[in-house]
Amino acid sequence: GVFSIKGVLRAQEEVRIHLELLDDKGISLLKDMTVSENEVFTYQTAIDHVRYWTAETPYLYKLLITVEKDGKTVEVIPQNVGFRNIRLNGETFLVNGVAIKFKGMNRHDYHPRNGRVVSREEIEQDIILMKQFNVNAIRTCHYPNSYYLYDLCDVYGMYLIDETDLE
């Protein structure tokens, strides 16, 4: 798998960025660092024997982005990472070389009692219910949803069409 990251660092002083990629058992597959000061940084490398993310087997790695200044940790940013290959072959949508049929539905970030206030637990219940009925894709309807929905789609294996009202 190809691991690639691009970021923008806005720091007044020189800082050190550490990148570490962990598998689901916490074993480090990659440790590298970049020293930057107010610049765009990129990093790319090949990872051997990756496990691919699919809707049926949503395998995620954990990327830890650690920012250090003067040898002290300033911030650690965890990010889930999945490896997949998506392409079109004519009119066939392929994920990791396998034809995918989307079985999706629209989802509004709305609760019947609380209106637009939807808790994490309620969002997770929605996704679990969708998976039980073999739904594999969600279309957000006209506005961005709670950031938690996007993370849960990665964890539970849901394809996401993120639509905003910009027609």
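The values are calculated or read from the model by the stated rules, or taken from the named source; none is laboratory data. Note that the coordinates shown come from a computational prediction; the quantities given were computed from them, not determined experimentally. Glycine also receives a Cβ, built like all others from the backbone with ideal geometry; neighbour counts cover every protein chain displayed. With ligands, DNA and RNA removed, areas are computed over all heavy atoms of the protein, side chains included. Shrake-Rupley method; radii C 1.70, N 1.55, O 1.52, S 1.80 Å.
Observations on the model:
- Among residues of region 118-167 being touching a Phe, Trp or Tyr at 6+ places or on another chain (Cβ under 8 Å) and basic (Lys, Arg), the one that is most open to solvent (accessible area, probe 1.4 Å) is 120.
- Of the criteria (1) open to solvent by less than 50 Å² (accessible area, probe 1.4 Å); (2) acidic (Asp, Glu); (3) under 27 Å from residue 148 (Cβ atoms), which one residue 68 fails: (3)
- The lone exception for residue 24 - which of (1) surrounded by 11 or more Cβ atoms within 10 Å (Cβ to Cβ); (2) closer than 27 Å to residue 148 by Cβ it fails: (1)
- Evaluation of residue 51 against (1) open to solvent by 80 Å² or more (accessible area, probe 1.4 Å); (2) over 16 Å from the mean Cα position of the chain (by Cα) (one fails), failing number: (2)
- Filter result (under 23 Å from the mean Cα position of the chain (by Cα) and of a type in the set (Gly, Ala, Ser)) within region 108-125: 119
- Among the residues of region 78-95, at least one is assigned to a loop (DSSP other than H, G, I, E, B), more than 26 Å from residue 4 (Cα to Cα), small (Gly, Ala, Ser) and open to solvent by less than 80 Å² (accessible area, probe 1.4 Å).
- Residue in region 96-107 that is within 30 Å of residue 48 (Cβ to Cβ), within 20 Å of the chain's Cα centre (by Cα) and either surrounded by 13 or more Cβ atoms within 10 Å (Cβ to Cβ) or not small (Gly, Ala, Ser) (or both) present: yes
For every residue, the table says whether it meets (1) open to solvent by 20 Å² or more (accessible area, probe 1.4 Å); (2) under 15 Å from residue 78 (Cα atoms); (3) modelled with pLDDT of 85 or more.
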position	(1), (2), (3)
5	yes, yes, yes
9	yes, no, no
28	yes, yes, yes
38	yes, no, no
56	yes, no, yes
60	yes, yes, yes
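- No other residue among 113, 107 is out of contact with any Cys (no Cβ under 8 Å at 6 or more places or on another chain) and of a type in the set (Lys, Arg) apart from 113.
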